[in-house]
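The values are calculated or read from the model by the stated rules, or taken from the named source; none is laboratory data. What you see is a predicted model, and the numbers here were worked out from it, not measured in a lab. Positions of Cβ are backbone-derived with ideal geometry, glycine not excepted, and every protein chain shown enters the neighbour counts.
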Amino acid sequence: MTMLLAITGGSDGWAPERWRERLRQHLPEMDFVIAGVDDFDPAAIRYAAVWKPTKGYLATLPRLSLIFNLGAGVDAVMADPTLPDVPLVRVATDDLTNRMSEYVLLHVLMAHRRQAPLASAQKRRQWDGRLQWAAKDLRVGVMGLGVIGTDAVHKLAMVGFNVAGWSRTPRSVPGIACFDGAAGLDDFLARSDVLVVLLPLTAQTRGIVDRVLLRKLPHDGPLGAPVLINAGRGGLQIEDDILAALDDGTLGQATLDVFNTEPLPSDHPLWSHPRVTITPHNAADSDAEAIAAYIAAQIRSHECGAALANVVDRTRGY
Ligand code: NAP
Ligand code: GLV
């Protein structure tokens, strides 16, 4: 059995050679070939492990039966119009989920406890003991109640925030106000002092965070102006609209982990905006060892006839 590694981008730890080494430890009987490096017979490939593969490449493998995406978001794979019609499995590991929730908690707490104005007051040597409020007084809305969103809303609620979630189909999460679909969006937004975006990028969600949506966020919460946190995908947001919303007071601050162009170009105005926090798409720096173990476990159970977990629904796009 042969697995193709078609991996572009990522840190040094994401290099295809490193993936070959770590997958070999879990699947010693498997042969691994690297796209663009090794010579191989395309008909020998049964499995592929991919991250941002070149469009059209997977369609050249006539006996491909299973694709593993090395991340949670499959938008880069789904963007290939020639993607073979075989199961596409995405990453959903506790490690990745926990790291994403850490990011959400960190940045919601930073907004809640006014860490940015306190840090700038410190630079001015100013003792700025402004009023605090209780976590229950801050309404946090999470767009996306999937694997990551559900974990994040639980943890936000444990801190005491007044939490709501929004999904495509109706969801029920104890203790969380749940909204769904276009019909539920405005009511959800109207009670989101902090809006956390954890959606996948699909044809339906592309550009959803635009000026129209931002104007529906409330201004009667303790922060005064609403806060945006996007750790989903850059394609979900219209960056010019975010900048305009920050400048005209529609938005108080934004924390962005993901961008339409990554890395964010050094001359992009988001870098220098005083009320923007930028992180380099590392809300969750996935543990490659955990993902390798996850892929190996899925292959072993699949070869014994068990159903695969976390298979992407190609019609939904996530
Ligand atoms: P998931 O389990 O597939 O959950 C997706 C959620 O989004 C579901 O609740 C789904 O609704 C909702 N949704 C999808 N389309 C929608 C629409 N049109 N309207 C309303 N809700 C919609 O995904 P996940 O594992 O939680 O991951 C979410 C995303 O996080 C990934 O796709 C990826 O882009 C991003 N991510 C980013 C990083 C990072 O480092 N920044 C790391 C990991 C993941 P239903 O519940 O009704 O299906
Ligand atoms: C990272 O962005 C992922 O989708 O896992």
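Is the stretch 226-244 home to any residue that is surrounded by fewer than 19 Cβ atoms within 10 Å (Cβ to Cβ) and more than 30 Å from S11 (Cβ to Cβ)?
yes
Within the stretch 94-198, which helices (runs of 4 or more DSSP H) (wholly inside it) include 3 or more residues that are more than 20 Å from V258 (Cα to Cα) and more than 16 Å from ligand 2 (Cβ to nearest atom)?
Result: 115-123, 147-159, 181-190.
Residue under question is P170, and the condition is that it be surrounded by fewer than 17 Cβ atoms within 10 Å (Cβ to Cβ) and under 24 Å from Y318 (Cα atoms); does it hold?
Criteria met by P170.
Mind checking which pairs have a first residue in the stretch 153-180 that is of a type in the set (D, E) and a second that is modelled with pLDDT of 95 or more, Cβ under 8 Å, 6 or more apart or different chains?
Between residues of the stretch 153-180 that are of a type in the set (D, E) and residues that are modelled with pLDDT of 95 or more, the close pairs are D180/W166; D180/S167; D180/R168; D180/T169; D180/P170; D180/R171.
For the stretch 298-312, enumerate the residues that are among the small types (G, A, S) and either in contact (Cβ under 8 Å) with a residue 12 or more places away in the chain or within 16 Å of ligand 2 (Cβ to nearest atom) (or both).
A309
Given L217, L251, L213, L243, which one is within 16 Å of ligand 1 (Cβ to nearest atom) and either farther than 17 Å from P274 by Cβ or not small (G, A, S) (or both)?
The match here is L213.
In the stretch 203-216, what residues are crowded, with 19+ Cβ neighbours inside 10 Å and either farther than 18 Å from R191 by Cβ or out of contact with any Ser or Thr (no Cβ under 6 Å at 6 or more places or on another chain) (or both)?
Within the stretch 203-216, T205, I208, V209, L213 meet the criteria.
Return the residues of the stretch 161-178 that are within 15 Å of L145 (Cβ to Cβ) and either more than 9 Å from ligand 1 (Cβ to nearest atom) or of a type in the set (K, R) (or both); say none if nothing qualifies.
Selection gives V163, A164, R168, R171, S172, V173, P174, G175, I176, A177, C178.
So in the stretch 84-93, with the set limited to residues that are surrounded by fewer than 20 Cβ atoms within 10 Å (Cβ to Cβ) and within 14 Å of ligand 2 (Cβ to nearest atom), which one is nearest to T54 (Cα to Cα)?
This residue is A92.
Which numbered condition trips up T315, out of (1) within 16 Å of ligand 2 (Cβ to nearest atom); (2) part of a loop (DSSP other than H, G, I, E, B)?
Here T315 meets the rest and fails (1).
Any residue in the stretch 273-294 that's assigned by TED's automatic domain parsing to the domain that holds I67: show its pairings with residues that are assigned to a loop (DSSP other than H, G, I, E, B) and of a type in the set (S, T, Y) at Cβ separation under 6 Å, as long as the two are six or more apart or on different chains.
A290/T93; Y294/T93
Please tell me if V77 is in a helix (DSSP H, G or I) and in contact with a Leu (Cβ under 7 Å, 6 or more places away or on another chain).
Spelling it out, V77 is indeed in a helix (DSSP H, G or I) and in contact with a Leu (Cβ under 7 Å, 6 or more places away or on another chain).
I'm checking my understanding of the structure. Among residues of the stretch 131-152 that are closer than 11 Å to V104 by Cβ and free of Cβ contacts under 8 Å to residues at least 60 places away in the same chain, which one is nearest to the chain's Cα centre (by Cα)?
Among those residues, the one meeting the criterion is G149.
Within the stretch 47-74, take every residue that is in a loop (DSSP other than H, G, I, E, B) and within 12 Å of ligand 1 (Cβ to nearest atom) and give me the one that is nearest to A296 (Cα to Cα).
L70
Tell me which residues, restricted to the stretch 74-83, are more than 19 Å from the chain's Cα centre (by Cα) and either of a type in the set (G, A, S) or crowded, with 16+ Cβ neighbours inside 10 Å (or both).
Listed by number, the residues that qualify are D80, L83.
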